[in-house]
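*Asks:* So that we are looking at the same thing, I have put the structure below in structure tokens.
The values are calculated or read from the model by the stated rules, or taken from the named source; none is laboratory data. Quick caveat, the model's predicted, so the values are computed rather than measured. Cβ: placed from backbone, ideal geometry, glycine included. Neighbour counts: every protein chain shown. To get the accessible areas, we keep the full protein, side chains included, count just its heavy atoms, and leave off ligands, DNA and RNA. Shrake-Rupley method; radii C 1.70, N 1.55, O 1.52, S 1.80 Å.
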Amino acid sequence: MTDLDQRIISTLREHAEGQVDIGQLTSGAVARGRARRARRRAAVGGTALGVAAVLGLGVAGGGGLPVEMPWTGAKPATQAATPALAAGVPGALARPDLVGKDPGLLHFGFDPAHARYLSWRSAAGLESAQLDLGGSAPVSFYLARSAAVAEEVHLEGARYIPQPADPPYDGQMDRFSMGGAVPIWVLRWQPVPGLFARLRTVAPTDAALQAARSALRLDVAHRCSAPVRLTALPAGAWPAGCEVTVTNFPATLDVSLIVDGSGFRSMEVRLQYARNTAGEGTKPNATVAGRPAYRHPQGGKMELLGIPQARLTADWGRPNEGFTEDDATTVLGGAQVAKHLDRPATW
């Protein structure tokens, strides 16, 4: 059994009882590469996280542009990227009722002197981040207005994993270990009534997790900062999710913006940047707002061309649904991309 297998099994057994079909799980998760950011509609309750996101994993993929590889704890060559401060916006302690309501905001922060962001995310009621605190593995943080949302785990294209009934958010440290595997450490607490916070890591000790709690700030708010903005949306559509992965920044960058619409419509707009990649010179076969674009022959996906060292795509094909090529043209036509993708100050 590989280390990946053991980590997936350990993660799922934290949340579920019984046997885990590791063959089906691993082949599905790895074959899909970086699974699309899973999200569940309000009609079925809350949000969802892909196994790759839960474990802090990634694989190379997507038209020759690499995305983040498994985290190694290596420090960046230059200053790390952080979400920008949202001036005038109250943090989670002052307004817990605002947590998870705006995909453009994070109602928490971490002391940059002690924690480096690997990613940040706001979608479907959940605000979260992955962090490097100098340990052997990243620490994940989740903040929500219900324990069900803070706890949810999802396998896209496979099955939902049952969650423990009413896990205690009592400030106690939980340790899980299966057979000699590296332990999973989980800390759950309620900073204020009606607000649920969870820290999690896979490491020999809980030192990094404890350091994360010390570095956590719930009295500030930040933007879900991203180097791409969507200024035009189809009728009846709205921004529903934002995820920015900066694990190997400034060498690579991966951004996912989710657009939802009435009738359970969904579209993912994704920006992938790799500083040392010149691009493949894709030939345009369409135009978007007078700019060259590429309509993928299999349908359900369009790419806006001409962005140096990056790909910007709109995907409305499965597992998304409901939107059309005209809708994607509208979204990409209004997309604004920062001139310097490797300079967060310009985002």
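*Asks:* Sorted by accessible area with a 1.4 angstrom probe, largest first, how do H114, H340 fall?
*Replies:* The most accessible residue leads, giving H114, H340.
*Asks:* Now a separate question. Ordered by residue, what ³J(HN,Hα) values in Hz, to whole numbers, does the stretch 261-270 give under the Karplus form 6.51 cos²θ - 1.76 cosθ + 1.60, where θ = phi - 60° and Gly and Pro are x?
*Replies:* Result, rounded to whole Hz: x, 4, x, 6, 6, 8, 9, 10, 9, 10.
*Asks:* Around R217, which amide H atoms from residues at least 5 apart in sequence, or from another chain, sit under 5 Å from its own amide H, with H modelled in the peptide plane?
*Replies:* Placed amide hydrogens put G109, F110, D111 under 5 Å from R217.
*Asks:* Hey, if we sort E151, E321 by accessible area with the 1.4 Å probe, largest down, what's the order?
*Replies:* E321, E151
*Asks:* When ranked by the protection proxy of mean other Cβ atoms within 10 Å per residue, highest first, what sequence do the peptides 120-128, 285-293, 246-254, 199-207 form?
*Replies:* Per-residue Cβ counts within 10 Å, averaged per peptide and sorted highest first, yield 120-128, 246-254, 199-207, 285-293.
*Asks:* If you don't mind, another one. Counting only protein chains, not ligands or nucleic acids, how are W238, W185 ordered by accessible area (probe 1.4 Å), most first?
*Replies:* W238, W185
*Asks:* Something else about it: Give me the log10 of I(q) over I(0) for the stretch 157-260 at q = 0.23 Å⁻¹, as the Debye formula computes it from C-alpha points; what are the numbers?
*Replies:* So the normalised log intensities are -1.23.
*Asks:* Right, something else. Need one word for the stretch 202-347: rounded, prolate or oblate. Basis is the Cα gyration tensor (sqrt eigenvalues a ≥ b ≥ c); a/c below 1.5 gives rounded, then a/b vs b/c decides.
*Replies:* prolate
*Asks:* Sticking with this one: Mind listing the phi-derived Karplus ³J(HN,Hα) values for the stretch 224-230, rounded to whole Hz, using 6.51, -1.76 and 1.60 with θ = phi - 60°, and x for any glycine or proline?
*Replies:* 7, 4, 8, x, 9, 10, 9
*Asks:* For the stretch 331-347, take each phi angle, set θ = phi - 60°, evaluate the Karplus expression 6.51 cos²θ - 1.76 cosθ + 1.60, and give the result in whole Hz per residue in order, putting x for glycine and proline.
*Replies:* Ordered by residue, 3J(HN,Hα) equals 5, 5, x, x, 6, 10, 10, 4, 5, 10, 5, 9, 10, x, 5, 9, 6 Hz.
*Asks:* Something else now. If you filter the stretch 295-347 for trypsin sites (Lys or Arg not before Pro), then keep DSSP loop positions with at most 14 other Cβ within 10 Å, what is left?
*Replies:* K339
*Asks:* Would you mind telling me the share, in percent, of accessible area of the stretch 228-346 contributed by carbon and sulfur at probe 1.4 angstrom?
*Replies:* With neighbouring chains kept in place, the figure for the stretch 228-346 is 49 percent.
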